Amino acid sequence: MSDKTKSYEDKMVRTCNNLSSKFDTIRVGRANPRVLDRITAEVYGTTMPINQLGNITTPEPRIIQISPYDISTLKALTKAIAGSDLGINPNSDGKVIRLVFPELSEERRKELSKDVKKKGESAKVAVRNIRRDAMDKFKKESKKSEITEDDLKDLEKEIQKLTDKYIENVDKLVTAKTKDILAI
């Protein structure tokens, strides 16, 4: 890989990583502590991520348990989870918070898999836009005689190979997440 395509490949890698982290926040029938990553609570006069305020475990496949490091933050954690878009009411016994994830209905599974495919298509568009930007830059450099015609052809082939590789990567991520969602 040439130095000229390195920055574009980095952008494609970030696109795939971003898609993967978006998929982590989509909850399926099992409890996944990553769904809490984007939820923050108002404690100590500041906003902090929940995963920094307590120990998060999954004692059972459909339960997430949060044991706050400081019991005084329990109410703030409960309020933050209840006010989030998770759609789950937190149960607190005064020491820990439990989130019980219900089984997903068939209709909801299909809805989530459509959403996953939509996010995957957006990631593919982003990868293709990166390729287009690279091609435009290389063509401008060629017109200014900064690179030769042969170099331009080689760079175009290289950026196309990278594009194909990362489009395939996006497809694999989408397939794996869809399979995970539709599994009962």
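Bin width 10 Å, origin at 0, all Cα-Cα pairs of the chain: what percent of pairs per bin?
All Cα pairs, binned at 10 Å, distribute as 9, 28, 22, 19, 13, 7, 2, 0 percent.
What 222 nm value per residue comes from the helices of the chain, counting each DSSP H run with n ≥ 4 as -39,500 (n - 2.57) and dividing by all residues, nearest 500 deg cm²/dmol?
It comes out at -20000 deg cm²/dmol, rounded to the nearest 500.
Mean Kyte-Doolittle hydropathy of -1.0 or higher plus an axial Cα length of 20 Å or more: which whole DSSP H helices in the chain meet both?
Flagged H segments are 149-182.
Which of the listed residues, Pro102, Leu152, Ser122, is farthest toward the dipole's positive end in the stretch 91-184, when Lys, Arg count +1 and Asp, Glu count -1 at the beta-carbon?
Of Pro102, Leu152, Ser122, it is Pro102.
Determine the gain in length on full extension of the stretch Thr175-Ala82; use 0.36 nm per residue of separation and subtract their C-alpha separation, reporting nm with one decimal.
Values: separation 93, 0.36 × 93 = 33.48 nm, distance 3.11 nm.
Residue separation times 0.36 nm, minus the Cα-Cα distance, leaves 30.4 nm.
Treating the beta-carbon of each Lys and Arg as +1 and of each Asp and Glu as -1, no other charges, what is the dipole magnitude of the stretch 33-176 about its Cα centre, to the nearest 20 debye? Numbers along the way, then the final one.
Details: 28 positive and 25 negative charges, 52 e Å.
It works out to roughly 240 debye.
Determine the share of the chain's accessible area contributed by carbon and sulfur atoms, expressed in whole percent, with a 1.4 angstrom probe.
For the chain, the apolar C and S fraction of the accessible surface comes to 49 percent.
Sequence gap at least 6, Cα distance under 8 Å: using those rules, report the relative contact order of the chain to the nearest whole percent.
24 percent
What does the accessible area per residue of the chain come to in Å², with a 1.4 Å probe and no ligands, DNA or RNA counted? Each step should come with its number before you reach the end.
Numbers: 10900 Å² over 184 residues.
Computed with neighbouring chains in place, this is 59 Å² per residue.
Between Asn17 and Asp151, what FRET efficiency follows from the Cβ-Cβ distance if R0 is 22 Å, with the result rounded to 0.05?
It comes to 0.15.
Which of Lys165, Lys117, Lys144 moves most in a GNM of the chain, Cα contacts under 10 Å?
Top of the fluctuation ranking is Lys144.
At 7 Å along Cα-to-Cβ for each site, give me the label-to-label distance between Ser122 and Lys143 in nm.
3.3 nm
Going through the cross-link list Lys110/Lys177; Lys140/Lys165; Lys137/Lys157; Lys110/Lys179; Lys110/Lys172, which pairs have a Cα-Cα distance over 22 Å in this structure?
Lys140/Lys165
The values are calculated or read from the model by the stated rules, or taken from the named source; none is laboratory data. In this text the structure is predicted, and so the values were computed from the model without any measurement. Quick reminder, even Gly has a Cβ in these numbers, built from the backbone with ideal geometry, and neighbours come from all protein chains shown. Side chains included, ligands, DNA and RNA excluded: accessible areas come from the protein's heavy atoms. Shrake-Rupley method; radii C 1.70, N 1.55, O 1.52, S 1.80 Å.
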